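The values are calculated or read from the model by the stated rules, or taken from the named source; none is laboratory data. Quick caveat: nothing in here was measured; it's all calculated off a predicted structure. Don't worry about glycine lacking a Cβ; one is built from the backbone with ideal geometry, like all the others, and counts go over all protein chains shown.
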Amino acid sequence: MDTFLDETFKKSVSDGFRQRNREKKLLHESAIQDLSGVSNETTSSVIKDEKSQSHKKREAENIVQDVFDFTATSAPEKNHMTETSMTAHHEKSDMDNPPNILQNLACLIQEAWDAKDEAILANQKELLCWCSYIVEFNKKTTEFMTEYKIGEKKAKGMIYDNLIKLLRPGTKRNTLLKQTQRARDIYKLFEKIGIDKIKYITTYSANSISELSDSQIQTIVDYFSKNPNTELPDDRDGTIIDFEEDISNDQDNVLGEQAKPLVSATRAEVIPPARKNWMPR
């Protein structure tokens, strides 16, 4: 009986040892798996982070490329003033190519000259248009008076009524009246000195000429009456007529000095012959 109990006890102890060893082994294997999982997760996280950083880097590079491409392809479509300003300040000079390092400055100078020439031509064309407008307006007024058996005021009113219908929407009658009077003031000068003198105007605007007083106009007219073939150098500054003086014994000198600021010679490089086709001869 004692032997049986002793063997049973030993077997129980042995089974206990085996069970504990089995549990330790399982715990060890589980720990290894956990560590492996953590390692894999860490590795995966690092890989994902690297991919994310790489993706962000590519996105940044793409944005830079888009901006570069837009700048390169859209430059001709940008506002001209912005384009020349940006080019002037940010274009990198190529010091290894001396003939081209100042090309941008040369282009800006040339564009400024061209803009000035275009402004002069535009002003001369405006003057010519206003003078032609008055000539035609007067002609139509006479025709209306004859055809409809009406007075001058009524005829002009009919012309204004019909013009308003043909002009841009919103044009006011009062605006048209003012423009017509302004055109008459311009025509008042060139009617007397010659429409062909318009091509000599390189400094003064249509507005400036329309504001001349009768005495100022007469001063200019008197000068050209005595000097009909005069072409004056455009080298004076100041207003059209800076002052008025009574015509005295030295009348010729006074008239010459007062008329010079208004009418100036047109240099060949300012108004090329090819661009004079619309000017009166």
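Remarks
- Among the numbered conditions (1) at pLDDT 90 or above; (2) closer than 26 Å to D114 by Cβ; (3) hydroxyl-bearing (S, T, Y), the only one that S215 does not meet is (2).
- On the stretch given as the range 128-176, residues that are aliphatic (A, V, I, L, M) and within 20 Å of L212 (Cβ to Cβ) total 3.
- The single condition from (1) buried (at least 17 other Cβ atoms within 10 Å of the Cβ); (2) in contact (Cβ under 8 Å) with a residue 40 or more places away in the chain that E191 fails is (1).
- Hey, A259 surrounded by 12 or more Cβ atoms within 10 Å (Cβ to Cβ), out of contact with any Leu (no Cβ under 6 Å at 6 or more places or on another chain), at pLDDT 95 or above and at negative phi or not: no
- From the options I209, I164, I220, residue that is of a type outside the set (D, E, K, R), buried (at least 19 other Cβ atoms within 10 Å of the Cβ) and under 33 Å from the mean Cα position of the chain (by Cα): I209
- Residues that are surrounded by 13 or more Cβ atoms within 10 Å (Cβ to Cβ), within 18 Å of I186 (Cβ to Cβ) and of a type outside the set (S, T, N, Q), drawn from the range 107-134: I120, L121, K125, E126, L127, L128, C129, W130, C131, Y133, I134
- Residue pairs meeting the criteria (Cβ under 6 Å; at least 6 apart or on separate chains; first without any contact (Cβ under 8 Å) to a residue 12 or more places away in the chain and surrounded by 14 or more Cβ atoms within 10 Å (Cβ to Cβ), in the range 141-158; second of a type outside the set (S, T, N, Q) and assigned to a helix (DSSP H, G or I)): M145/A155
- Conditions (1) over 29 Å from the mean Cα position of the chain (by Cα); (2) on the phi > 0 side of the Ramachandran plot; number of the one not met by G170: (1)
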